[in-house]
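Student: Below are the structure tokens for one structure; questions will follow.
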Amino acid sequence: MAKLPVADIERLIYPVSFYRNKARHVLGCCDELVSRFGGRVPGTLEELTSLPGVGRKTANLVLILAFKSLRNICVDTHVHRISNRMGWVQTNQPDETEQALYRATARRWWPLINLYLVTWGQNVCRPVHPRCGDCVLAAECPRIGVAGNSLRPPADRRRSPR
Ligand code: SF4
């Protein structure tokens, strides 16, 4: 991969969003994997986030999926949005949400939170027009910040998964 022209990587990863930018990051990342890590993907958050284009979201996902870590939560836009709608956290940024989720959720859910909430966020708890009418969690969900939700949740409905 490190030897490929960037145009080839662009073609390979199209149609992901921002594919031109990501292709440059993939190339830079592979280059550093070879030059700094002997061609092996490192297994710590600090090393992973030192690579081009790798932030906490990606690093946590690599640790969960490739290294079978049970100590990480991968927070993307779906996890951030749904955790706030459900009232598990009250945060403005995904990195903040990650830290709040470590405090708010039981450890056994940590490696699974991304898998469940991304699927949920793509199909039910969508960014715009969430399907609250079809949602099996509607009775439990305070729907914080959802457009058209005039109800303020009682404190005892702001529950986190335990
Ligand atoms: S009730 Fe609505 S806001 Fe709450 S989880 Fe379901 S879709 Fe999301």
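Every number in this text was worked out from the coordinates using simple rules, so none of it is lab data. Not measured: the values here are computed from a predicted model. Positions of Cβ are backbone-derived with ideal geometry, glycine not excepted, and every protein chain shown enters the neighbour counts.
Student: Do you know the relative contact order of the chain, to the nearest whole percent, from alpha carbon pairs under 8 angstrom that are 6+ apart?
Tutor: For the chain, the relative contact order is 17 percent.
Student: Which trypsin sites (Lys or Arg not before Pro) from the range 17-83 combine a DSSP loop assignment with at most 14 other Cβ atoms within 10 Å? Can you show the working numbers first?
Tutor: Values: sites: R20, K22, R24, R36, R40, R56, K57, K68, R71, R81; in loops: R40, K68, R71.
For trypsin sites (Lys or Arg not before Pro) across the range 17-83 that sit outside H, G, I, E and B with at most 14 neighbouring Cβ atoms in 10 Å, the list reads R40, K68, R71.
Student: Continuing with this model, one more query. Would you list L101, L70 from fewest to most Cβ contacts within 10 Å?
Tutor: L70, L101
Student: Continuing with this model, one more query. Before rounding to the nearest 500, sum -39500 (n - 2.57) across all DSSP H runs of length at least 4 in the chain and divide by the residue total; then give [θ] at 222 nm in deg cm²/dmol. Provide the component values of the computation, followed by the final result.
Tutor: Working: 7 runs with 72 residues, N = 162.
Result for the chain: -13000 deg cm²/dmol, rounded to the nearest 500.
Student: Counting only the backbone N, which residues of the range 82-107 are under 18 Å from the spot 7 Å out from the Cα of V128 toward its beta-carbon?
Tutor: Zone members listed by number: 82.
Student: Set Lys and Arg Cβ to +1 and Asp and Glu Cβ to -1, take the dipole of the range 69-123 about its Cα centre, and tell me which of N92, W120, T105 lies farthest positive.
Tutor: T105
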